[in-house]
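Asker: Below is one structure. I have some questions about it.
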Amino acid sequence: MNKMAKVINQHYVPQSYLKNFSPDRSQIFVFDKLNKRSFTTHVRNIASERAFYDFPQGATQPENIQIIEEIFSGLEMKQSRLFQHLQKKIDGIYRLRLTPNKSAIIYSRNVLMEDQRQDLACVVAIQFLRTKEFRKFIVEMRQATEALTNHILEETILEQIKQFEELASVNLDKELVSGIKSLIFDECTSIVSSMYDDGLAVIHAKFILDYYEQAAQIFNNHIWIIGVNDTGQPLFTSDHPAARHPYLFSSGIASEGIEIAFPLNSKAILIMREKQHFHEFTNQDNKLFPLTLEDVEHYNRLQIYNSNRFVFCSEDCFNLVKTVCQQQPEICSEDRSRIQITTIEPHADEQV
């Protein structure tokens, strides 16, 4: 069997998806939040990085260091066909508005079959997890929880030493226990740091493979609304297109009040809303919904806020991006904070 040619420039947003936002399915308009400028380029040149998914060479790694890239390459063709089919179906339903006596039913027809919904949920889940933005989230999550995990590690080491003393019927002096604990602790933290420094692609891959099915199920359980954009303003997408908006407190994908928006192209967007908070939209599940200009601006803002660095559009109309970046310059930094740690104080009757 012939091996696939080695891929150097690896996309964390597929080219087949980006082509849906290109006027000629090749060139696309880009706004760089970091440098505050727009330009056009081929879809092959954006949302990608050299050897982004490659595993480091090592005895403990698979011989094929591009295994993740190959998995995504295989999925991309299936994803492209799914998007084309969905767009034809959306167009077919939406064209009914031009047919006498049928315009009233276009927003009452179901858009997706159950298998199509499951497939699209999987696509969105993988896209949510595979980006550079999510990889930065993984790193920041480790940094934000490092003090806690170190404390747990120290307690675990001391517990293991205590169990050893009981099994061996010995009592180690405090200085020796402290030395053993420090030795084990330093070795463990050194290994973890080395993994994040040299093997971040492996850690990222494990997140994707371990959690994409769970994320897909969460997405599938939300209320799905397919927004149709018939305004003059195209929908944006970005280098992290599965964008979240918390209407309450938490931005977790299963959190109460969460909304996740995933643009399908310049004229259509998948809107997923958590059922409890958005229960009044239950009758709109799996239905088309006409977007207003205000709606389009809302979902374009989500792409600006959630993107790592680049926002994409089928036209050079980035005034909104410029305004948002001017008003909130912190969202333009690639090193902005992505994690918020909240300390929950116990109620008075819960205090010891």
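The values are calculated or read from the model by the stated rules, or taken from the named source; none is laboratory data. Owing to the predicted nature of the structure, the values given are computational and were not obtained by experimental measurement. Cβ sites come from the backbone with ideal geometry, for glycine too, and all protein chains shown count toward neighbours. Accessible surface areas use protein heavy atoms only, side chains included; no ligands, DNA or RNA. Shrake-Rupley method; radii C 1.70, N 1.55, O 1.52, S 1.80 Å.
Asker: Using the Karplus curve 6.51 cos²θ - 1.76 cosθ + 1.60 with θ = phi - 60°, work out ³J(HN,Hα) for each residue of segment 37-47 in order, rounded to whole Hz, and write x for Gly and Pro.
Answerer: Couplings: 9, 10, 7, 10, 7, 6, 4, 5, 9, 10, 6 Hz.
Asker: If I build a Gaussian network model for the chain, linking alpha-carbon pairs within less than 10 angstrom, which residue out of I46, I180, I226 has the largest mean-square fluctuation?
Answerer: Top of the fluctuation ranking is I180.
Asker: If the only charges are +1 at each Lys and Arg Cβ and -1 at each Asp and Glu Cβ, what is the size of the charge dipole of segment 194-352 around the Cα centre, to the nearest 20 debye?
Answerer: Result for segment 194-352 is approximately 400 debye, rounded to the nearest 20.
Asker: Helix 293-306: angle to the longest alpha-carbon principal axis of the chain, degrees 0 to 90, nearest 10?
Answerer: 30 degrees
Asker: Relative contact order (percent) for the chain, with alpha-carbon contacts under 8 angstrom and 6 or more residues of separation?
Answerer: Numbers: 487 pairs, mean separation 80.8, N = 352.
Reported relative contact order: 23 percent.
Asker: Solvent-accessible area per residue for the chain at a 1.4 Å probe radius, Å²? Don't skip to the end; give the middle numbers.
Answerer: Values: 19530 Å² over 352 residues.
Using a 1.4 Å probe on heavy atoms only, each residue of the chain averages 55 Å².
Asker: Using a Gaussian network model of the chain with C-alpha springs under 10 Å, which one of T323, T292, T282 is most mobile by mean-square fluctuation?
Answerer: Greatest mean-square fluctuation among the candidates belongs to T323.
Asker: Give K132/K206; K78/K287; K6/K136; K89/K275 a once-over and call out the pairs whose C-alpha atoms are over 20 Å from each other.
Answerer: Over 20 Å apart, Cα to Cα: K78/K287; K6/K136; K89/K275.
Asker: Return the sequence-ordered ³J(HN,Hα) values of segment 325-337 in whole Hz as given by the Karplus equation 6.51 cos²θ - 1.76 cosθ + 1.60 applied to θ = phi - 60°, using x for Gly and Pro.
Answerer: Ordered by residue, 3J(HN,Hα) equals 5, 6, 7, 10, x, 5, 6, 8, 7, 5, 9, 5, 6 Hz.
Asker: Over the chain, what percent of the accessible surface lies on carbon and sulfur atoms, probe 1.4 Å?
Answerer: For the chain, the apolar C and S fraction of the accessible surface comes to 52 percent.
Asker: Hey, can you grab everything whose amide H is under 5 Å from the amide H of I258? Only 5+ residues off in sequence or another chain; H modelled, so Pro and N-termini drop out.
Answerer: Result for I258 returns Y247, E274.
Asker: Which of S255, S182, S266 moves the most in a Gaussian network model of the chain with Cα springs under 10 Å?
Answerer: Among S255, S182, S266, the largest GNM mean-square fluctuation belongs to S182.
Asker: Loop sites only, by DSSP: take the chymotrypsin sites (Phe, Trp or Tyr not before Pro) in the chain that have at most 14 other C-beta atoms within 10 Å and name the longest stretch containing none of them.
Answerer: On the way: sites that count: Y247, F249.
The answer is 1-246.
Asker: Is segment 120-196 rounded, prolate or oblate when judged by the Cα gyration tensor, a ≥ b ≥ c being the square roots of its eigenvalues, rounded requiring a/c under 1.5 and prolate requiring a/b larger than b/c?
Answerer: Prolate is the answer for segment 120-196, as a/c is 1.5 or above and a/b outweighs b/c.
Asker: May I ask for the angle, rounded to the nearest 10°, between helix 174-198 and the longest principal axis of the chain, with both axes built from Cα atoms and the value confined to 0 to 90°?
Answerer: Compared with the principal axis, the helix lies near 30 degrees.
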